[in-house]
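First up is the structure itself, then whatever we jot down about it.
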Amino acid sequence: MLTCRIHAKEDLRIEPVPEPDVGPGQVLIRLGAGGICGSDLHYYFEGKNGSFVIREPLVPGHEASGVVAKAGEGVTRVVPGDKIAVSPSQACGRCDYCREGREHLCRNMRFLGSASLYPHVQGMFAEYFVLGERQCYPVTGDVSLGELAFAEPLAVGLHAVNRAGELLGKSVLVTGGGTIGCLTVVAARLAGATSVTVSDVLDRPLATAREVGAARTIRGDREPGALASPQFDVAFEASGSFAALKACVAAVKRGGTVVQVGTLPHEPLPFVVNEIMVKELDFKGAFRWGIEFDWAVEYIASRRVDVRPLLSRQFPLSEAVKAFELAKDKTQSTKVQLVAA
């Protein structure tokens with residue numbers, strides 16, 4: 001079978017490897033679709049994702065769907081032929097955070113496609129891969145494998161909205177119109193926000209944001225004063241830009257909430273906290289997701305959430321380099337996926 005491995009900065013190779021064996025409680029999965037995420041782009045174009053540096057060949061990919069090819073002994077959750085969404089989270093289930101119901105903060109987390117640990121935790125950009133059955137979410141109906149691969153980023157948006165608290169009747173700002181920003185728009189509307197505004201510095205993400213439900217869009221670089229005054233109850237920073245975070249703090253009303261969703265540069269950043277203090281803002285972080293992954297699968301499978309406007313293009317695994325190049329160009333794409341040949 002073929003697998004995609006990043007060896008170093010801009011060194012991505014499609015390599016033949018033996019098909020993995022399946023043990024008790026495990027499932028052999030044929031890749032349906034795998035979305036290229038911002039962290040995957042960092043690993044390829046920079047050889048690192050923040051402080052996580054590639055020290056051995058890494059198979060990227062943590063947004064995926066697939067079809068069950070083989071079920072190991074004792075597996076009851078799925079059978080061969082099942083269409084599944086795949087959770088990349090491998091929490092220990094034993095630490096204090098897991099026992100408190102916050103598995104995404106697990107002290108012993110193994111998250112697929114990550115160089116945070118060594119040896120690295122290999123991801124899902126391969127024709128076949130093996131996972132435990134509890135990471136498999138079987139789905140019926142006509143929803144596509146491409147749609148199911150959005151379960152992970154939708155879960156991120158749902159978790160961010162959960163962190164914000166009650167949104168019913170609230171006005172919301174989302175900075176950044178990429179996949180996570182757009183899915184945060186969707187999640188905020190599901191939670192009852194009366195209006196959602198999206199800001200970005202490119203036209204294409206703003207057009208996509210309008211398609212998924214944003215009531216208003218702002219070109220931040222062309223309308224610098226649009227977010228200078230308090231006007232929103234809640235803001236979600238989903239671009240990973242410090243300038244956008246400052247805009248969120250300025251644009252939120254007194255007593256409002258700012259949720260940091262995007263990953264900011266891993267370096268010391270000047271941050272004036274006086275405005276947070278004077279306006280008595282709640283400033284929160286949102287990291288990955290927990291039970292929201294289950295909700296995301298249900299929303300997508302029922303098409304209560306339609307993710308199809310976000311899917312720009314699919315490439316066969318053998319053309320992974322082309323796929324990564326397109327995924328990097330946000331003037332041409334929102335979400336690019338890899339599929340098995």
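So how far apart, in nm, are the two label points at THR263 and ASP282 if each is 7 Å from Cα heading toward Cβ?
Each label point lies 7 Å from its Cα, and together they span 2.7 nm.
What size of dipole, in debye to the nearest 20, comes out for the chain about its Cα centre when the only charges are +1 on Lys and Arg C-beta atoms and -1 on Asp and Glu C-beta atoms?
500
What is the set of long-range amide H partners of ASP282 at a cut-off below 5 Å, with H atoms built 1.01 Å from backbone N?
Hits under the 5 Å cutoff: GLY256, THR257, VAL258.
Using the Kirkwood radius over Cα pairs, work out the Stokes-Einstein diffusion coefficient for segment 209-336 at 10 °C and 1.306 mPa s, in µm²/s as a whole number.
Here the translational diffusion coefficient equals 91 µm²/s.
Please list, or write none, the lysines whose alpha carbon is within less than 25 Å of the alpha carbon of LYS170, excluding same-chain residues fewer than 8 places away.
LYS246, LYS253, LYS279, LYS284
Could you list the trypsin sites (Lys or Arg not before Pro) in segment 92-162 that lie in coil according to DSSP, counting only those with at most 12 other Cβ atoms within 10 Å of their Cβ?
Qualifying residues, ordered by number: ARG94, ARG107.
Enter the accessible area per residue of segment 184-341 (Å², integer; probe 1.4 Å; all protein chains in place).
Per residue, segment 184-341 has 48 Å² of solvent-accessible surface.
Per residue of segment 101-108, in order, report the coupling 6.51 cos²θ - 1.76 cosθ + 1.60 (Karplus, θ = phi - 60°) as ³J(HN,Hα) in whole Hz, putting x for Gly and Pro.
Karplus values, whole Hz, x for Gly and Pro: x, 10, 4, 5, 9, 3, 5, 10.
Within the chain, which is the longest segment containing none of the GluC sites (Glu not before Pro) that sit in a DSSP loop and have at most 11 other Cβ atoms within 10 Å?
After excluding every exposed loop site, the longest remaining stretch is 167-279.
When the accessible area of segment 29-114 is split by element with a 1.4 Å probe, what percent falls to carbon and sulfur?
44
Taking 0.36 nm per residue of sequence separation and subtracting the Cα-Cα distance, how much length would be gained by fully extending the chain between GLU223 and GLU319, in nm to one decimal?
30.7 nm
Which order do peptides 332-341, 220-229 fall in by mean Cβ count within 10 Å, highest first?
Put in order of decreasing packing, that is 332-341, 220-229.
Of the options LEU41, PHE150, LEU167, report the single residue whose Cα projects farthest towards the positive end of the charge dipole of the chain (beta-carbon charges: Lys, Arg +1; Asp, Glu -1).
Going by the charge dipole, the pick is LEU167.
Roughly how many nanometres apart are two label points built 7 Å out from the Cα toward the Cβ at LEU202 and ARG134?
The modelled label-to-label distance comes out at 3.8 nm.
Specify the residue with the greatest mean-square fluctuation among TYR128, TYR118, TYR299, computed from a Gaussian network of the chain linking alpha-carbon atoms under 10 Å apart.
Highest fluctuation among the options: TYR118.
Looking at the chain, what % of its DSSP beta bridges pair antiparallel, to the nearest 5?
So the antiparallel bridges in the chain amount to around 55 percent.
Using Cα centres only, tell me the gap between segment 68-87 and segment 200-267 in whole Å.
A separation of 41 Å, based on Cα centres.
At a 1.4 Å probe radius, which order do SER312, SER199 fall into by accessible area, largest first?
Sorted by accessible area, descending: SER312, SER199.
Roughly how many nanometres apart are two label points built 7 Å out from the Cα toward the Cβ at ARG94 and PHE242?
The answer from the label model is 4.1 nm.
Would you mind counting up the charge near ILE14? Only other residues with Cβ under 13 Å from its Cβ, with Lys and Arg at +1 and Asp and Glu at -1.
My count for the surroundings of ILE14 gives -1.
Tell me, what ³J(HN,Hα) does each residue in segment 223-239 have, in order and in whole Hz, if you take phi through Karplus 6.51 cos²θ - 1.76 cosθ + 1.60 with θ = phi - 60° and put x for Gly and Pro?
10, x, x, 5, 10, 7, 10, x, 8, 10, 7, 9, 10, 10, 8, 10, 9
The values are calculated or read from the model by the stated rules, or taken from the named source; none is laboratory data. Bear in mind that the values here come from a model prediction, so they are computed numbers and not experimental data. Using ideal geometry, Cβ is built from the backbone for each residue, glycine included, and neighbour counts are taken over all protein chains shown. We work out accessible area using only protein heavy atoms, side chains counted, and drop any ligands, DNA or RNA first. Shrake-Rupley method; radii C 1.70, N 1.55, O 1.52, S 1.80 Å.
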